[in-house]
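First up is the structure itself, then whatever we jot down about it.
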Amino acid sequence: MNRFVISISREFGSGGRLIGKQLAARLEVPCYDRTIIQKTAEKSGLSPDFIARAEERARSRFHMGFIPVGIGAPTFTHHSVPVSHQAFFAQADVIRELADQGSCVVVGRCSDYVLGDRPECLKIFIHAAMDSRVRRCVEEYQLKPEGIEDRIRQMDRGRANYYSYYTGHSWGDMRRYDLTVNSSATGVDGAVALIADMLRYRQEHWGQKE
């Protein structure tokens, strides 16, 4: 199989992270998610805690206040921008470097935007019905059921704010993805199989090359 990168964006509670991990295991490639924070810290010299806090601050913003980061050259060394933005730029560079190293699955972190100009990148969005998300949050994530729907909506708003803040695009817009999957209908295993089948079909018919 030729080199590929699968970017997985997901609603909170949709099982997107688990789908990404199981997909990577099935395809025998690395899956990068929260480990990107540590790699970003090592590259930028910023602490993992600072990077995580910068993400939280961006998620709390309700409007664009910054020009979206470009997809081209590395930008984290541009000291004319706030350190919090440098954290995002460094993270984008790390994602590009991981994609350069070989086939992989990347969960979240605006990876569909960062890698969007690469023909080998397959962009996926995982969503699910609210009752399915509530059940997963309570049974798998061990979250308290009280106010859980509000918590889920809050998390989604945060992801949408973060995405909009740094990319200038709308998070979850189906036109920005190659495939959207309703994990309520497919389950985790079905979603993994569906994405793997699409990757196989695309490579067979489009012939991506290294």
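The values are calculated or read from the model by the stated rules, or taken from the named source; none is laboratory data. Because the structure is predicted, anything quoted here is derived from the model rather than measured. Here Cβ is always computed from backbone atoms with ideal geometry, including for glycine, and neighbour counts include all displayed protein chains. Just so you know, the surface numbers come from the protein's heavy atoms only, side chains and all, with ligands and any DNA or RNA stripped out. Shrake-Rupley method; radii C 1.70, N 1.55, O 1.52, S 1.80 Å.
From the residues in region 138-176 that are outside any loop (DSSP other than H, G, I, E, B) and of a type in the set (D, E), which one is farthest from G15 (Cα to Cα)?
D150
Collect the residues in region 145-192 that are β-branched (V, I, T) and open to solvent by less than 40 Å² (accessible area, probe 1.4 Å), keeping them in residue-number order.
Residues satisfying the conditions are I148, I152, T167, V181, V188, V192.
Can you run down the residue pairs with Cβ atoms below 7 Å, 6 or more apart or on separate chains, where the first is in region 137-161 and more than 18 Å from W171 (Cα to Cα) and the partner is surrounded by fewer than 13 Cβ atoms within 10 Å (Cβ to Cβ)?
V138/P145
D156 fails exactly one of the following numbered conditions: (1) touching a Phe, Trp or Tyr at 6+ places or on another chain (Cβ under 8 Å); (2) of a type in the set (D, E, K, R); (3) more than 26 Å from R57 (Cβ to Cβ). What is the number of that condition?
Of everything listed in (1) touching a Phe, Trp or Tyr at 6+ places or on another chain (Cβ under 8 Å); (2) of a type in the set (D, E, K, R); (3) more than 26 Å from R57 (Cβ to Cβ), D156 misses just condition (3).
Here is a list: R57, R53. Which entry is modelled with pLDDT under 75 and farther than 30 Å from Y201 by Cβ?
When all the criteria are applied, what remains is R57.
Looking at region 15-47 only, could you name the residues that are under 13 Å from the mean Cα position of the chain (by Cα), in contact (Cβ under 8 Å) with a residue 24 or more places away in the chain and not in a helix (DSSP H, G or I)?
Hits for region 15-47 are G15, C31, Y32, D33.
Quick one: count up the residues across region 162-210 that are in contact with a helix residue (DSSP H, G or I) (Cβ under 9 Å, 6 or more places away or on another chain), more than 30 Å from H85 (Cβ to Cβ) and in contact (Cβ under 8 Å) with a residue 24 or more places away in the chain.
Adding up the residues that qualify gives 13.
Provide a single number: the residues in region 112-137 that are open to solvent by 80 Å² or more (accessible area, probe 1.4 Å) and either of a type outside the set (D, E, K, R) or in a loop (DSSP other than H, G, I, E, B) (or both).
2
I need every pair where a residue in region 79-106 that is among the hydroxyl-bearing types (S, T, Y) has its Cβ under 8 Å from the Cβ of a residue that is open to solvent by 30 Å² or more (accessible area, probe 1.4 Å) and modelled with pLDDT under 85, sequence separation at least 6 or different chains.
Close Cβ pairs (under 8 Å, with a partner that is open to solvent by 30 Å² or more (accessible area, probe 1.4 Å) and modelled with pLDDT under 85) amount to S84/R57; S103/M1.
In region 177-210, which residue that is among the hydroxyl-bearing types (S, T, Y) and in a helix (DSSP H, G or I) is modelled with the lowest pLDDT?
Top of the filtered list is Y201.
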